[in-house]
Every structure is written in structure tokens, then in C-alpha cells.
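Chemist: Take a look at this one; I'll ask things after.
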Amino acid sequence: MDASSHKEPTRIDPTQLDADKCYRLLTGIVVPRPVAWVTTLSSTGGVNVAPFSVFTFLSAKPPMLGFSVGRRGRTYKDTAQNILRTEEYVIHIADGALIDAVHESSTEFPANVSEVEHLKLETLPSEKIAPPRIAAAPIAMECRFRQCLEFGETRNRFIIGEVVMIHARGGLIENGKIDTMALDPLVRIAGPNYARLGEIVTMRPVFQAPKTVAKDD
């Protein structure tokens, strides 16, 4: 038995912690987290890109995704401001090869600096919205803004949007399903630390009801 199993459990009252200490604790507990790598258009037409690891999908039909954007001091980060102004953005899933670009794009540049230009990232036009997508990303999802919710004393903005177009690298999708190992998604853990897929354990299928809801429900 591991010696650590004999240690007394740690008890933490979160009301006694400030926002920064709570953040450091929770980002080490809720792991691993997928990363939404988001491109938006600034008010001057520049292409901004930033990563967000409080990210999930909320609905299958229509497909809807949500991610949380914090504040930079007293103002919201550029991504939230751009989305609420234009109501359009692209969420990318980055792979292991993009770890340097994803991490560097988390730097808080001035609003007039395009992270895409600074990092020399090639972009491609989107089909249904104005913000472009990053060419090297294996998955790009064009989104239109649907709702914004604010949470907590820090007033994080949870941005909810509908996916209106999905772009996937050739060979990633077979029979309507993503080859997760081929995708090689980059995930976030605590601090400036990232991870990639390790061992995948396949269990027996279990019954699940259809996701489609009857029109009269």
C-alpha cells in the first residue's frame, strides 16, 4: 500500500480562499480539460486567437458548445468582447504538434495585437462566418453566438454558441465517428502543463436511449 494512503485527508474550506487560490486548486482537480482554441475578429479587423480550458459541449441538436472567459483586471479578455460584438467565432481542437502555438497564444497581448500574425499561423476562410480558421488545426468549428452567462464574484463569462460548420482533417472521421488517437487532442492540466492521450480502455457497449426528442415532447 502506498505510504500516502496513511496520511490524514486535507480539508479545505473554499470560502477561506481568494479567487486565485481557488483557481489554482480547481484547475488541478478538474483534469484533464479539453482546450477550446478560439479565433475572433478584433474591432480593427485583426485575427485574435486564445485558448480556454473550461470548455464542453451542451447540446447535440443543434450542436452547441460553451466555454468560460475570465477578465484581465477590470476588463474582459479580447475574445469575449469580440464575440459579443460580432457574434461569430471559430473553436479549434489543437493537436500535440500545436502545443507551442497554443501555449504562446495564452499570453495577454494588447487588444490591437493579432496573435495569429505574431505566431505566424496560417489561416483559411470560414464558410458561414467572417472569422477565419487556423489551417494547422485538425478540427475547426464555425460558431454563432447564442447566449452569455456570468458566474461568481469574478463574473466569468460562459459563452454559448451554435456550431454551424465543422471542418475536420482528412482521415479523422470514419462512419461518422472521430478517430481520437489520430486526432491527438491537446488537453490542459494545472499550471503551464498540458497532456496528450495515454492508454485508452475500451469497455463493452451499454444501452443508451436515442438522442432525438419527439416533436410533441
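Chemist: Considering only the stretch 159-172, state which residues are part of a loop (DSSP other than H, G, I, E, B) and open to solvent by less than 40 Å² (accessible area, probe 1.4 Å). If you could, list the steps in order and put the result at the bottom.
Modeler: If we filter the stretch 159-172 for residues that are part of a loop (DSSP other than H, G, I, E, B), which is where we start, we get 169-172.
Across the stretch 159-172, the qualifying residue is only Leu172.
Chemist: Hey, among Ala97, Ala101, which residue is outside any strand (DSSP E or B), farther than 15 Å from Phe145 by Cβ and open to solvent by 30 Å² or more (accessible area, probe 1.4 Å)?
Modeler: Numbers: Ala101 fails: open to solvent by 30 Å² or more (accessible area, probe 1.4 Å).
That would be Ala97, the only listed residue that is outside any strand (DSSP E or B), farther than 15 Å from Phe145 by Cβ and open to solvent by 30 Å² or more (accessible area, probe 1.4 Å).
Chemist: Any chance you could count how many residues in the stretch 180-198 are surrounded by fewer than 14 Cβ atoms within 10 Å (Cβ to Cβ) and farther than 28 Å from Arg24 by Cβ? Write out each step before concluding.
Modeler: Filtering the stretch 180-198 for residues surrounded by fewer than 14 Cβ atoms within 10 Å (Cβ to Cβ) gives 180-182, 191-193, 196, 198.
Okay, now just the ones that are also farther than 28 Å from Arg24 by Cβ, so 180-182.
Of the residues in that region, 3 qualify.
Chemist: Taking into account only those residues within the stretch 79-94 that are hydroxyl-bearing (Ser, Thr, Tyr) and crowded, with 20+ Cβ neighbours inside 10 Å, which is nearest to Ala136 (Cα to Cα)?
Modeler: In this case the residue turns out to be Tyr89.
Chemist: Just one of (1) open to solvent by less than 20 Å² (accessible area, probe 1.4 Å); (2) at pLDDT below 95; (3) in contact with a helix residue (DSSP H, G or I) (Cβ under 7 Å, 6 or more places away or on another chain) trips up Phe109, so point out which.
Modeler: Just one mismatch for Phe109, condition (1).
Chemist: Please state which of the following conditions Tyr76 fails to meet, knowing it meets all the rest: (1) surrounded by 14 or more Cβ atoms within 10 Å (Cβ to Cβ); (2) touching a Lys or Arg at 6+ places or on another chain (Cβ under 9 Å); (3) without any contact (Cβ under 8 Å) to a residue 60 or more places away in the chain; (4) farther than 24 Å from Asn193 by Cβ.
Modeler: Of (1) surrounded by 14 or more Cβ atoms within 10 Å (Cβ to Cβ); (2) touching a Lys or Arg at 6+ places or on another chain (Cβ under 9 Å); (3) without any contact (Cβ under 8 Å) to a residue 60 or more places away in the chain; (4) farther than 24 Å from Asn193 by Cβ, only one is false for Tyr76: (3).
Chemist: Restrict the check to the stretch 119-138 and report whether at least one residue is more than 23 Å from Ser43 (Cβ to Cβ) and surrounded by 19 or more Cβ atoms within 10 Å (Cβ to Cβ).
Modeler: Scanning the stretch 119-138, I find at least one residue that is more than 23 Å from Ser43 (Cβ to Cβ) and surrounded by 19 or more Cβ atoms within 10 Å (Cβ to Cβ), so the answer is yes.
Chemist: Scan the stretch 139-156 residue by residue and report those that are at pLDDT 95 or above and either charged (D, E, K, R) or open to solvent by less than 50 Å² (accessible area, probe 1.4 Å) (or both).
Modeler: Taking the stretch 139-156 as the starting set, the residues that turn out to be at pLDDT 95 or above are 139-149.
If the condition is that a residue be at pLDDT 95 or above and either charged (D, E, K, R) or open to solvent by less than 50 Å² (accessible area, probe 1.4 Å) (or both), then Ile139, Ala140, Met141, Glu142, Cys143, Arg144, Phe145, Arg146, Cys148 are the ones that fit.
Chemist: Out of Thr27, Thr44, Thr40, report the one residue that is outside any helix (DSSP H, G or I) and open to solvent by less than 40 Å² (accessible area, probe 1.4 Å).
Modeler: Values: Thr27 fails: outside any helix (DSSP H, G or I); Thr44 fails: open to solvent by less than 40 Å² (accessible area, probe 1.4 Å).
None of the others qualify; the one that does is Thr40.
Each row is one residue, and each column tells you yes or no for (1) in a strand (DSSP E or B); (2) closer than 22 Å to Val102 by Cα; (3) aliphatic (A, V, I, L, M).
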| residue | (1), (2), (3) |
| --- | --- |
| Ala137 | no, yes, yes |
| Glu142 | yes, yes, no |
| Cys148 | yes, no, no |
| Arg157 | yes, yes, no |
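The values are calculated or read from the model by the stated rules, or taken from the named source; none is laboratory data. Just so it is clear, the structure is predicted and the values come from calculations on it, not from any experiment. Ideal geometry is used to build each Cβ from the backbone, glycine not excepted, and the neighbour counts take in all protein chains shown. These area figures cover heavy atoms from the full protein model, side chains too; ligands, DNA and RNA do not enter into them. Shrake-Rupley method; radii C 1.70, N 1.55, O 1.52, S 1.80 Å.
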